[in-house]
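Each reported figure results from applying straightforward, stated rules to the coordinates on display, with no laboratory input. What you see is a predicted model; the values in this text were computed from it and never measured. As a convention, Cβ positions derive from the backbone with ideal geometry for all residues, glycine included, and neighbour counts pool all protein chains shown.
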Amino acid sequence: MSEAYRLGQRIRRAFGQGIKEFGLIEPGDKVLVGVSGGKDSLALLELLGERVRCTNGSFAIEALHVRMRGVDYQSDTSYLSSFAAQWGVRLHVREASFEADRNARRSPCFLCSWNRRKVLFETAQELGCGKIALGHHQDDILRTALMNLTFEGSMATMPVLLRMRKFPITLIRPFCRVPETDLRRWAELRRYEPQVKVCPYDRESNRTAIGEVFAAMERLNPEARYSLWHALQREGKLVEL
């Protein structure tokens, strides 16, 4: 068996496990996939597209790429459109912007994320999508938990399933059981094209430092990932209804 086959089987198994365990996708769902152009969102679009075909269209997906005005980065929307089309998915492209904030806690990354999320919600409602799928993987969820413990003193993370209170929309993270290392290697083997120019704000941050802490934890105890995951499960932090 080739490396690509073994890796694909492992990712699909963890992907399916997460969807089943948390009831993320049900027959008749219409899901909007957030596509940034990075490895995680491309892999998510591919695996969801594959799952639609394998289930004979038991659910439907649309894709959305949000371009931010005033930020010096470049994404190839023609590549993203053709990538989505391989799976019979239509890619919608929307634009958004944000202005600098005097509040130091509201960094450009926070403001960009907030405005992207707003466009996601609006587009989902416009297209009749009841769910929005995001490409966060297990490492994202665990690192967020460590961030909150370290800087906020709270046991919280980005939920695998989050039912919004102000919108008739549910956020889902189907890669919740998939480690980042697998997705990184998958992107290499599948030869995903990277963004033309990455965001200038994508640099060293507290999240980078927490990633180093997490790596040190796994060197100390190879089971640390699963210990933290089960702790989040016991505390009911992975699902928010």
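Remarks
- Around the amide H of VAL160, modelled in the peptide plane, lie the amide H atoms of VAL239, all under 5 Å away and 5 or more residues distant in sequence or on another chain.
- Binning all Cα-Cα separations of the range 1-43 at 10 Å, short to long from zero, yields these whole-percent fractions: 22, 41, 32, 4.
- Length added when fully stretched, THR77-ARG191, from 0.36 nm per residue minus Cα-Cα: 39.4 nm
- Computed over Cα pairs, the Kirkwood radius of the chain leads via Stokes-Einstein (0.692 mPa s, 37 °C) to a diffusion coefficient of 175 µm² per second.
- Per residue Cα convex hull volume in Å³ - calculated over the range 91-178: 124
- Extreme residue, positive dipole direction of the chain, given options CYS176, LEU127, LEU189 (C-beta unit charges): LEU127
- Net charge dipole size for the chain [Lys, Arg +1 and Asp, Glu -1 on Cβ; Debye, nearest 20]: 280
- Calculated FRET value between ALA4 and ASN206, using beta carbons and R₀ = 30 Å, to 0.05: 0.30
- Extent of the range 105-241 along its three principal axes (Cα atoms, max minus min coordinate, largest first): 48, 39, 33 Å.
- Anchor LYS30: aspartates and glutamates whose Cα lies under 18 Å away (excluding residues fewer than 8 positions away in-chain): GLU46, GLU50, GLU62, GLU122, GLU126
- Förster radius 22 Å - calculated FRET efficiency between THR150 and SER227, Cβ distance, rounded to 0.05: 0.85
- Summary value for the chain: 25 percent relative contact order, contacts being C-alpha pairs under 8 angstrom separated by 6+ residues.
- Under Karplus coefficients 6.51, -1.76 and 1.60, residue-wise ³J(HN,Hα) of the range 114-128 in Hz, glycine/proline x: 4, 6, 4, 4, 4, 5, 4, 4, 5, 5, 4, 5, 4, 8, x
- Share, in percent, of DSSP beta bridges within the chain that are antiparallel, nearest 5: 15
- Applying 1/(1 + (r/R0)^6) with R0 = 22 Å to the Cβ-Cβ distance of GLU122 and VAL93 gives a FRET efficiency near 0.95.
- Spin-label model distance (nm) - GLU218 vs GLU240, 7 Å beyond Cα toward Cβ: 2.5
- Residues whose placed amide H lies under 5 Å from that of ASP29, excluding near-sequence neighbours: ALA60
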